[in-house]
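The values are calculated or read from the model by the stated rules, or taken from the named source; none is laboratory data. Here the structure is a predicted model, which means the values were calculated and not measured. Ideal geometry is used to build each Cβ from the backbone, glycine not excepted, and the neighbour counts take in all protein chains shown. What goes into the accessible areas is simple: the full protein's heavy atoms, side chains included, and nothing from ligands, DNA or RNA. Shrake-Rupley method; radii C 1.70, N 1.55, O 1.52, S 1.80 Å.
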Amino acid sequence: PASAWTELPRGHHAVVDPSILVSLDAQVGDTLLLGNAKFLINGSLQSVPGDLGFTSVVAPRVYIPDEYLGETGLLVFGSRAEYEALLKTPPDLSTARFAARINPQLTGENPRVRLRTVAENENNLTRNIDQLGNFLGLVGLVALLLGGIGVASGVHAFVMRKIDTVAILRCLGATSGQVLFIYVLQAAAMGLIGALMGGVAGVALQFALPFVLEGFLPVNVDVRLSPIAITMGLSLGILVALPFALVPLVSL
């Protein structure tokens, strides 16, 4: 509710991330035991300024009044805590210049102090997304290679059943090149069918995920078809199927 944040400092109240309510099967009005202290859940978060939402998946947010932090017993020897202050600058002040002027003073007094601007957060997010894209590309490449091994095994089993047919074709005058072309064409057709099935499944998953994860995504996702990506997927499916299929076919 809208009154939750203003009521937070007035007692043992807590505002929590919605994922906590889901994982604990709780609701607003229930009691939450945080360390050694009990807090009344008087609201759940919709958004947090400056928080991209990704970290809340690993560590859901819980807001409590600072004066009751000691009662929880969470900050003891060996605990790790970070303290963060948010500064709202005037519209006519350049945050980059402000950071460049004040950062040496902060870090000079305490090397553990860091200053981040909104622009740096945006750059970090972009870099993290790029790294995630590279990682997923590597995962996709490994999956592609494993699929190629599966293609080789499947074609090998297919070839073993076609030895008699190939022998008859050769007896009827077909050359090795013609036989190879026939079965390479079949392998390419199977690779195209498999790539088409994968493309349809991928597009369907792409359109379904934003609806399934609507409550967890920190941003609105606008899904559009990418003809270039679909074409690349189909091409890769065929290009991977053919080389792996050629090994057993050449021996045939």
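Taken over the range 80-119, the criterion of being under 22 Å from residue 48 (Cβ atoms) and among the acidic types (Asp, Glu) is satisfied by 82, 84.
Out of the range 101-113, which residues are open to solvent by less than 100 Å² (accessible area, probe 1.4 Å) and in a helix (DSSP H, G or I)?
Our first condition is that a residue be open to solvent by less than 100 Å² (accessible area, probe 1.4 Å); within the range 101-113, this holds for 102-104, 106-108, 110, 113.
Within the range 101-113, 102, 103, 104, 106, 107, 108 qualify.
What about residue 184, is it loosely packed, with under 12 Cβ neighbours inside 10 Å and of a type outside the set (D, E, K, R)?
Numbers: loosely packed, with under 12 Cβ neighbours inside 10 Å: no; of a type outside the set (D, E, K, R): yes.
Spelling it out, it is not the case that residue 184 is loosely packed, with under 12 Cβ neighbours inside 10 Å and of a type outside the set (D, E, K, R).
Is the range 210-222 home to any residue that is assigned to a helix (DSSP H, G or I) and surrounded by 13 or more Cβ atoms within 10 Å (Cβ to Cβ)? Yes, the range 210-222 has at least one match.
Restricting the range 154-174 to residues that are open to solvent by 70 Å² or more (accessible area, probe 1.4 Å) and without any contact (Cβ under 8 Å) to a residue 24 or more places away in the chain, the residue that is farthest from residue 251 (Cα to Cα) is 172.
I want to confirm something. Restricting to the range 85-100 and keeping residues that are part of a helix (DSSP H, G or I) and over 30 Å from residue 66 (Cα atoms), which single residue is nearest to the chain's Cα centre (by Cα)? Here the residue is 96.
Mind listing whichever residues of the range 193-207 are within 19 Å of residue 245 (Cα to Cα) and open to solvent by less than 70 Å² (accessible area, probe 1.4 Å)? Within the range 193-207, 194, 195, 198 meet the criteria. Pull up the range 114-128, narrow it to residues that are open to solvent by 90 Å² or more (accessible area, probe 1.4 Å) and part of a helix (DSSP H, G or I), then point me to the one that is farthest from residue 89 (Cα to Cα). If we take residues in the range 114-128 being open to solvent by 90 Å² or more (accessible area, probe 1.4 Å) and part of a helix (DSSP H, G or I), then 127 is farthest from residue 89 (Cα to Cα).
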